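Note sheet for the following structure.
The values are calculated or read from the model by the stated rules, or taken from the named source; none is laboratory data. These figures come from a predicted structure and were not determined experimentally. We place every Cβ from the backbone using ideal geometry, glycine too, and count neighbours over all the protein chains shown. Note: areas computed on protein heavy atoms with side chains; ligands, DNA, RNA excluded. Shrake-Rupley method; radii C 1.70, N 1.55, O 1.52, S 1.80 Å.
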Amino acid sequence: MDGSVAYLVAGAGCLVGVAGVVIAVLARRRSRPRPSGARGPGDPLRDRDADALRGDPRRLKPGDVVEVRGVTYAVRGSIRLVEGAWSWAEHLLDDAGGVRRWLSVEEDPELELVLWEAEPGATVTPGAPTIDFAGRRYSWDESGQARYTAVGTTGLDPSGTMRYHDYQAPGGGRLSFEAYGEAGWEVARGEKLHRAEVMIYPQAEVD
């Protein structure tokens with residue numbers, strides 16, 4: 001009788017040990033972080049009707065045609081930028097007269113579209129809390145460093161790093177300083193656009 005009890009106790013101990021191993025394995029599996037490429041649920045308030053009627057700026061690419069405030073541009077090149085978990089895009093636009101602008105597309109978290117014009121003659125530099133430029137006062141908004149990839153015509157290497165300082169003014173004004181690679185600061189002045197001011201005409205891809 002004592003031998004039977006000892007046998008049962010030993011068997012129960014083994015079962016407890018196995019159960020402990022299984023629980024530990026499951027705990028380790030559950031504690032593993034999600035892959036960095038995993039995406040959460042989409043924005044339930046995203047204006048999909050505007051995307052369907054006016055084109056989706058998030059899918060803009062070289063070769064597409066964009067109408068901004070009544071002016072038609074061709075997309076010459078695109079830059080995709082990533083900083084940590086954050087990403088945005090900048091697109092080089094060219095109109096029929098050879099005038100070039102940049103269109104930035106960012107979700108912060110709402111979709112923000114800004115039309116930029118380069119200021120090659122600007123002598124201002126970034127770093128101050130406020131900057132007076134072209135009759136407006138801009139206040140510092142954010143700065144950082146991102147990695148980029150470029151496609152189409154942009155004047156940049158296919159990939160690299162960039163530094164930036166962004167400033168804002170009342171009424172949707174923007175002032176940006178960007179430095180790609182080892183190059184110096186490039187200054188651009190921008191205006192925030194309403195979604196209705198931008199119409200996109202995607203072009204079929206050629207095989």
_Per residue accessible area of region 68-204, 1.4 Å probe, in Å²_ = 53
_Can you compute the label reach from Arg76? Point 7 Å from Cα along the Cβ direction, backbone N cut-off under 17 Å, restricted to region 109-125._
115-121
_Whole-percent carbon and sulfur share, accessible surface of region 73-136, 1.4 Å_ = 52
*asked:* Taking R0 as 22 Å, what FRET efficiency do you get between Thr130 and Arg163 from their Cβ-Cβ distance, rounded to the nearest 0.05?
replied: 0.65
*Tabulate in residue order the Karplus-calculated ³J(HN,Hα) for region 172-180, using 6.51 cos²θ - 1.76 cosθ + 1.60 with θ = phi - 60°, rounded to whole Hz; enter x for Gly and Pro.*
x, x, 9, 9, 10, 10, 10, 9, 9
*Take region 52-207, drop everything but the C-alpha atoms, weight them equally and run the Debye formula without solvent; then report log10 I(q)/I(0) at 0.10, 0.13, 0.19 Å⁻¹ to two decimals.*
-0.35, -0.60, -1.33
